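Just below is one structure, and these are the notes that go with it.
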Amino acid sequence: MRTKRIKGIKFGLLSPKEIRKMSASKIITADTYGEDGFPIEMGLVNQRLGVIDPGLRCKTCGGRMGECPGHFGHIELAAPVIHIGYAKLIYRMLSATCRECGGVLLEDAYFLFSVSDTELEHDLKREIISEKWHKEFGDSGFPLSTNASITKEKNDEWAITDKELFIIRKEAGKLNVYDAGEKGRFLNDIELRKKQPGVGEVVKRMFKEAAKHTVCSHCGDHLFDFAADARLENSLNKGEDVISKELRRKFATEGHALSKNPSIKKVTDNKWLITDKDKRYIIKKGNGKLTVDCGTPQRVIKFDKPSSYIEIDEKERKRRLMPSDVRERLEKIPDEDIPLFGMTPKSARPEWMVLTVLPVPPVTARPSITLESGQRSEDDLTHKLVDIIRINHRFMDNRAAGAPQLIIEDLWELLQYHISTYLNNEIAGIPPARHRSGRPLKTMTQRLKGKEGRFRGSLSGKRVNFSARTVISPAPDIDIDEVGVPEAIAKELTVNVNVTERNIDLLKETVRRGNEHPGANYVRRADGKKVKITETNYETLVEELDIGWKVERHLRDRDIVLFNRQPSLHRMSIMAHYVRVMSGKTFRLNPTVCPPYNADYDGDEMNLHVLQTEEARAEAKILMAVQHNIISPRFSRPIIGGIHDHVSSLFLLTYGEKKFDREETLEILKGIDIDSLREPAGTFRSEVSGLGSEDIPYWTGKQIFSMILPAGLNLQFQGKVGGVTIRDGNLESGVIDEIAVGSFKGKIIDRMVRQYGEEAAKKFINDLARLATNYILRAGFSFGISDEDIPKEGEQQIKKEAMREAEHKVDELIKAYEAEELEALPGRSIEETLELRIMETLGRARDEAGGIAERYLGIENAGVLMAKSGARGSLLNLTQMAACVGQQSVRGERIKRGYRGRTLPHFKHADRGAKAHGFVKPSFKEGLSPTEYFFHAVGGREALVDTAVRTSQSGYFQRRLINALLDLEVKEDETVRETRDTIVQFKYGEDGVDPSACEYGKVVDIDEIIKDVMAGTGA
Amino acid sequence: MKKGKISILEHELVPKHEIMGAEEIKELLDKYKIKRVQLPKIKLSDPVIKEIKADAGDVVKIKRQSRTAGTALFYRLVIE
C-alpha cells in the first residue's frame, strides 16, 4: 500500500470576500417554504443550497440527492458582530496593539553600529561569521560567542543568533547592525517554532509582554521642535545612555525634564526613541528640523464577558467599544505585525474575527425531517438562522427609519446574542437558546464537541454492522472455542457466500428455506441488485439462482465469529469462536474461557461480530482462535484453564485412593473422546446376594484423570498439597489442584501447549472441564452455614485460649503504657509502639483462632477443600466465617477516627482497648454486635474506595500507554520499529523472546528437559 | 571536571557509552538496512554524551545490563 505523509495542515479564517465567493445564494428571507409548498427563492432552504428531497435537482450543480454535496449561502449582516469563538483572542489583540496606529506595542529593532567593508559583506553572503566579524562586534561592545549562527533573512538582510539577536542590513552601501529589539526577537522565536508545538507559548508571552507597554513607541502627539543641528544629531546617534546637555536643557524648557538616565535608541537614520521611565519620546528628522513626539498613551481595555470590550480613559471614563470600533482597530494592525500573533496575514487577518457576512451551511448539513403528519420539522441550525435573519431585518429597518441609538444598540445586542448562540450554545454568561419545547438547541459547537460529537462520536467511532450483543450464560457441554448463539440472532446475522458450481445446490436449498433457520435473508444478483427473500418470491429465486450470484445466508454452526467483552484490556478480550446455534436468548460460553474475558454470569453482556471476507476469516482462525490464546503473553502462562468447580472436582477425584467400578468410570468419562479404558488398578470382592462373590475390576480417581493425559507426558511439580508426579501420562502421585489445571497457573496445560501443541491443549482443557463437571455432578458438592460449625470444645478453645489470652495481653500492654514502662521500638514513638504491639497481638490471636478452627475442619469440609485446592476462597475467609473476624483497619492502622478521644459514644474516653478500636472478636457465623458491624463497614469502605480509584487511574494509564505504543511493530529482523521505520529497540525486549512462546521467560528450560529425559529413561 | 567530583561514567547505573568508528557505523547501518536518521537519538546535552565528548552526528554504542538478555547492545545517534 502506498502511504502518504501529511506535510502540514493550514488553519485560517474565512474572509468576508471568501464567504461571498463561495456562496451559492444570498439569503434574505427567514421563511423556508412558500404557500405552494415549494422552497422560497433566496430563503433558508433555497434550492441553490443543495437538495434533500428525492427527485429534485440542485439549482447550483444540477446534481440529484446524494450526488450534490450541498452549497454554502451567505447572510449580509446589518452590522458587524464579534465571533464568540475569538472573543478572548480579540481582547488580547486589542490590548497588545496601539489604540491609535494599530502597531504592536513592542519596540522595533534599533541601530547599533555600522561598517562598510567588502570582505565583511562577502562573509555575510556566504553566511559565515568570520574572525573579522567577531572583531567588529567585539570592538563595538557586543562580543559574539562561538555558538553564534548566521542566517539569511531576505535580500540584504541577515540575522545573527547568539544570546542576543542581531540583524544586519545593507543600507546605502553600508552594513548596519541592529539589535532586533523586542519585536524582532519574538518574530524570530515564532519563526523558529513554526513547525513544532510551542508557538502558542511564545505568542502568549508576546501578548503579555506587549500588553505591559503603556505608551506606543511608533506614533505620538507632537510636543515641540528643534532646529536641525549636526551636533545634536550626533549626540542622538551615540546611542544609549548618552544625552547631551543641550538636549536635556531643551526638554526641560519645554516642560519635559528628563531623569538622570534615559535611554536613547536609534531606530532608523532619522528616527530616535528616548525611553525615560514610563515616558517615551519619538524624535524624527524632517524638513530641516527635529520634531519631538510624545508616545501615544494607551488606554486600558477591559473584557466584559462574553463579547463586549470597554475602554477606560485617563479620567476613568468608560466607553464601550462596539464591534464596528473593534473591527476598525483590528484593521489597523499592519500585516508585518500579524506573525507575532502566530498567524499569517494572507490566510487570517484579525478583523475577520469580527463578522460582517455570515456563511449559511448547505441544507445537506441541516436537513429537515418530514413528520408522519406531513409537517416539516427543521434542524436546530435552521431555526437559529431564521432568528438571525429576522433580527438582521429588524435592525436594518430600524436604522433606515432613523430609530434612536438606544433601540439600535438593543437590536445590535440581540443580533450578537443570536449569532453567538448559533456558533456555541453553551457559553458561560449567555442563556442558551431554546427550542419551543424548552430543549436547548444543538448548534455548531455542540455538533462537534464531546463524546457524541462529530470527532469522537462520528469519526473516531462508528456503529458497526454484522454484530450482536446479549447476556452470556454458561454452557459446560460446548467446546472452549465455541460460542452458543441464539437462533434469533443467527437469523439476523448473515454471511455472504458467492454462488459457485460446487455450492449451488446447497445454496438453492438455503434460499428455499428462507426465514427458517439455516436459511438466507437476501440474494444479490449478478448485476448487483439485492433482493429480499420472501414467502412469495423464494421459488422464483431458487429457480433463477445462478453462478455469480451472492447469497446472504444465516449464521450457522461452525461459522467463525469474533467474540468480545469490554473493557478490551488485552488481546484475549477479543477471540475467534466457532458458532453453535442454540435455543434460548443468551450467548453461551464454556466457563473455562471466562478468565481471558474477565467475564462472569451475573448479567455480563458480550458482543459478537460476524466476519465478512475470506481474508478476515483466515486471519481470525490463525491469529485469534481461542486455542492460540491459551498462553497469555502477559505472564507466559495459560490464562485459560479450570476454574472454581473444575478444580474442586478434580481435587476430590484425585484425592486419596477413590475406587470406581466400570460403570462409574464410564459415567465420569462420558463425552470425552478416548478410545479405551486403561488397565484397572485392581479388583475388589463383591458379595452378590445368593450368587456368591465376584471380582469386580476398579479404577482409581487418579487413573481416571490420567485417561485424559497423553501418553508420554512426564511432569513433576510441587502442588498445593504435596508433590505431583506424572510419568508417561499417568498421575502416579499427588493431587490435582489449581496449580495443575487452574487458569493463570495450570502447569499441565502449560506443558500440553508446549509439548503437544495448541490443538492438544485445547482438547485437554475441553476434557478436563467435562471430566470435572461429570464427576462433581456425581459426587455432589455444597457449602452452607453449617459447614462452618465447630464443635463446642473448639469454640471454647478459641474463646479461652486465643481470645481471652490476647485480650489480657492487650490490657497489660495498655497498663504498661500508662505506667510509662513500655519500651519503644527502634525508630518509633511510645504510642506507635503500643499500637504496633496491640495490632500484632490481636493479629496473632485471630490466626490462632483460625488454626484451632482448622483443626476441627478437615479436608472433607467443602470450604477447606476449596481453599486448599485453590478453587475459591482462602483459609482467611474460613477463619473469619468460623472463628474470628479480626481487627478492622484503615490505612493499616486500628480504627481511630470518630469523636475526640474515642471512636464511638459507646466507649469511654481514651479507651485504648481492643474492642474500642475495631477488633471484631466473633466470627461472621456468630454475628457482629452493632459497634463491630460499624467498624467492619468502616474498614470495608476503604477497600471500596481503593478499587474505585485504582480502576479509574489504571484505565487512564493504560489508555495513554496504548496511544503511545500502538504504532510500534516487531519486524522480521526482530527490531521494534515505528511507522517511519525508525528503530525503537534493536531486539524485541532486548532478548528477542516472545513470552507466549517460551518457558517462563527463557527460550528453553534446560532443567525441565533434563527431568523429562531422565523420567523417560526410567532413571 | 571539578575537583572532588566523581565522573558519572563510573557510576554503576550509567551504562558504557562508546563513540563508534565510521567503519563500525556502516556495518551497523547495513545490518539493519537503515539510514543514520532511523537510529534512536540521544541529545547532545545528555550528561554522558557531554562527558565522553561526542559530537552531533556521532553514533554511540551503549552496552547495558538487561533483565532479559544479560547485556544488551543499543545504538544512538547524537543530535542537538
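Each value in this text was obtained by applying a stated rule to the coordinates, not by laboratory testing. Because the structure is a prediction, the values reported are computed rather than measured. So basically every Cβ, Gly included, is an ideal-geometry build from the backbone, and we count neighbours across all protein chains shown.
Numbers for the structure displayed
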| quantity | calculated |
| --- | --- |
| Percentage relative contact order, chain A, counting C-alpha pairs under 8 Å, at least six apart | 7 |
| Contour minus Cα-Cα distance for A:Asp36 and A:Glu820 (0.36 nm per residue) | 272.1 nm |
| C-alpha center-to-center spacing [segment A:737-768, segment B:24-59] in angstrom | 47 |
| Percent RCO, i.e. relative contact order, over segment A:467-625, from Cα pairs under 8 Å lying at least 6 residues apart | 37 |
| Highest-first arrangement of A:942-948, A:893-899, A:89-95, where packing means the average Cβ count within 10 Å | A:89-95, A:893-899, A:942-948 |
| Length gained when the stretch A:Arg662-A:Ser568 is fully extended (0.36 nm per residue, less Cα-Cα span) | 29.2 nm |
| Distance (nanometres) between label positions extended 7 Å along Cα→Cβ at A:Lys277 and A:Lys451 | 6.0 |
| Selection from A:Leu569, A:Val581, A:Ile489, by position along the positive dipole direction of segment A:467-625 (Cβ) | A:Leu569 |
| Computed magnitude of the charge dipole of chain B (debye, nearest 20; Cβ of K, R +1, Cβ of D, E -1) | 240 |
| Dipole axis of chain A (+1 Lys, Arg; -1 Asp, Glu on Cβ), positive-most option in A:Gly528, A:Pro262, A:Val360 | A:Pro262 |
| 3J(HN,Hα) from dihedral phi, segment A:524-533, Karplus parametrisation 6.51/-1.76/1.60, rounded to Hz, x for glycine, proline | 10, 6, 4, 7, x, 7, 9, 10, 7, 7 |
| Within the protein assembly as shown, helix-based [θ] at 222 nm, where runs of 4 or more DSSP H residues each add -39,500 (n - 2.57), nearest 500 | -9500 deg cm²/dmol |
| Rounded to whole Hz, the Karplus (6.51, -1.76, 1.60) HN-Hα couplings of segment A:586-595, x for glycine and proline | 10, 6, 10, 9, 5, x, 5, 9, 5, x |
| Simple label model, 7 Å out from Cα along Cβ direction - A:Leu904 to A:Asp1007, nm | 5.1 |
| Modelled FRET efficiency - R0 51 Å, A:Arg320 with A:Ala172, Cβ distances, 0.05 increments | 0.60 |
| Under-5 Å amide H pairs with A:Ser114, H placed in peptide plane, nonlocal only | A:Val177 |
| Zone residues, segment A:155-175, relative to A:Asp117, backbone N less than 13 Å from point 7 Å out along Cα-to-Cβ | A:175 |
| Part-to-part distance (alpha-carbon centres) for segment A:923-950 and segment A:1-55, which is given in Å | 63 |
| Loop sites in segment B:1-75: trypsin sites (Lys or Arg not before Pro), DSSP, at most 11 other Cβ within 10 Å | B:Lys2, B:Lys3, B:Lys5, B:Lys33, B:Lys35, B:Lys53, B:Arg67 |
| Lys, Arg +1 and Asp, Glu -1 on Cβ, resulting dipole of chain A about Cα centre, debye, nearest 20 | 4140 |
| Estimated FRET transfer efficiency when R0 is 60 angstrom, pair A:Arg436-A:Asp139 (beta carbons, to 0.05) | 0.15 |
| Segment A:94-208, relative contact order [Cα under 8 Å, separation at least 6], % | 27 |
| ³J(HN,Hα), Karplus 6.51/-1.76/1.60, whole Hz, each residue of segment A:976-987, x for Gly, Pro | 9, 10, 9, 5, 8, 6, 6, 6, 10, 9, 6, 9 |
| Per DSSP, loop chymotrypsin sites (Phe, Trp or Tyr not before Pro) in segment A:917-1019 with at most 14 further Cβ within 10 Å | A:Tyr1000 |
| Length released on extending from A:Glu487 to A:Thr291, taking residue separation times 0.36 nm less the Cα-Cα span | 61.0 nm |
| Residues whose placed amide H lies under 5 Å from that of B:Ser66, excluding near-sequence neighbours | B:Thr71, B:Ala72 |
| Shielding by partners - mean other protein chain Cβ count within 10 Å, residues of B:32-40 | 4 |
| Which of A:Ser263, A:Ser307 has the fewest Cβ neighbours within 10 Å, and the rest in rising order | A:Ser263, A:Ser307 |
| Global form of segment A:370-409, assessed from the alpha-carbon gyration tensor, a/c cut-off 1.5 | prolate |
| Estimated FRET transfer efficiency when R0 is 25 angstrom, pair A:Lys125-B:Asp55 (beta carbons, to 0.05) | 0.35 |
| Dipole-positive endmost among A:Pro431, A:Asn503, A:Cys219 within chain A (Cβ charges, Cα centre) | A:Cys219 |
| Interatomic Cα distance distribution for chain A, bins of 10 angstrom, percent | 2, 7, 10, 12, 13, 13, 13, 12, 10, 6, 2, 1, 0, 0, 0 |
| A:Thr151 versus A:Lys532: modelled label distance in nm, points set 7 Å from Cα along the beta carbon direction | 6.5 |
| Cleavage-rule hits (chymotrypsin sites (Phe, Trp or Tyr not before Pro)) in segment A:528-610: DSSP loop, at most 15 neighbouring Cβ within 10 angstrom | A:Tyr601 |
